[in-house]
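The values are calculated or read from the model by the stated rules, or taken from the named source; none is laboratory data. The model shown is predicted, which means the values in this text are computed figures rather than measured ones. SASA here: full protein model, heavy atoms, side chains in, ligands and nucleic acids out. Shrake-Rupley method; radii C 1.70, N 1.55, O 1.52, S 1.80 Å.
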Amino acid sequence: MPQPRSHLCSSTFWSVRRPKSTLTQGHFVLRLNDPSLAFAVESATDLLRCYGHLRRALIELRGATAAQLYLALNWQPVGDALGEPVAETSTPSLHVFFTLPASTTAASALSRPAHERPAVGNTEELDEQLRRWHDGRVASTPSHGKTSEPEQGPKQRHELEQPSAAMQEQHPLALAWDSRAFHVEPSRQAPGTPFRGGHWTGVPRQPVASLDETSPAALLELAQGMAVLASHAQPAFAGVTVWVCDDWVSAAPQTFHIFGRRHGDATHQLAAFVTGGGLNVPLPEPWHGKSDGPSPIVEK
């Protein structure tokens, strides 16, 4: 039976909790507290802060070595949902699967159809330690689930931040990515595999040790760019899903795998990515993106 959601900590914009159906010991959800809050610099800063707090806690408490992060924008999986967790709510949420010793991996859990995925149990001890963890130690009394607060208050909106007017005015297939924080290009295909549009990679041009060290402005810029890529495809994609592996033990770059999504699409690129080793740690070489040179985002 699915476990009830377990709230662990929260800040102004985001909260950390267990999902309705916890698939691994290291499976958590970072959820926007209010769906009307904009994904702007302030909320991006808070998201990185909350993820960093959780990452450092799990390194200390359970020896976490990596994490796989999943985000869906304007998309809810249906059917078997191979390669991705099922949607729990329309509120923007980030699923995080930490790699813990002797724990089930995200790839193993998500390679099964959604209705065949067993929920894990016995997370209570770890969850209580996470509630008490603060600045490198487990407190003797609960911290009431509060992380440090961002300095600025929320900006109200009813939708996720859309691409700026300046970005919209650019030619849809000639966006000025060269000067941007991420190198974005169509994903490289395995030898002998025909090219299929709708799968891009994004790699930060300035390497970071972990994702929580990414600049909030760079993260926001990437989010805006993903919306442009999806909306200018022919035909336009209904939504976007993203997988990124944060492997802070190796020198591998954090590669964002961006998938344009349409209902009824028979290509199933995201499922093939996950079942083909795209979430493995370390990531297989064919799935690595690159961070140098211009970003050839034109799809032909």
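Summary of values
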{"quantity": "Stretch gain in nm, segment residue 60-residue 33, where the contour uses 0.36 nm per residue and the Cα spacing is subtracted", "calculated": "7.1 nm"}
{"quantity": "Probe 1.4 Å - accessible area at residue 245, Å² to nearest ten", "calculated": "20"}
{"quantity": "Hull volume in cubic angstrom per residue (convex hull over the Cα atoms of region 81-137)", "calculated": "130"}
{"quantity": "Rounded, prolate or oblate (a/c below 1.5 giving rounded, otherwise prolate when a/b exceeds b/c) for region 1-58 by Cα gyration tensor", "calculated": "oblate"}
{"quantity": "Global geometry of region 1-129, whether rounded, prolate or oblate, following the gyration tensor of its Cα atoms and the 1.5 cut on a/c", "calculated": "oblate"}
{"quantity": "Contour minus Cα-Cα distance for residue 262 and residue 231 (0.36 nm per residue)", "calculated": "10.0 nm"}
{"quantity": "Heavy-atom accessible surface of region 1-100: percent carbon and sulfur, 1.4 Å", "calculated": "55"}
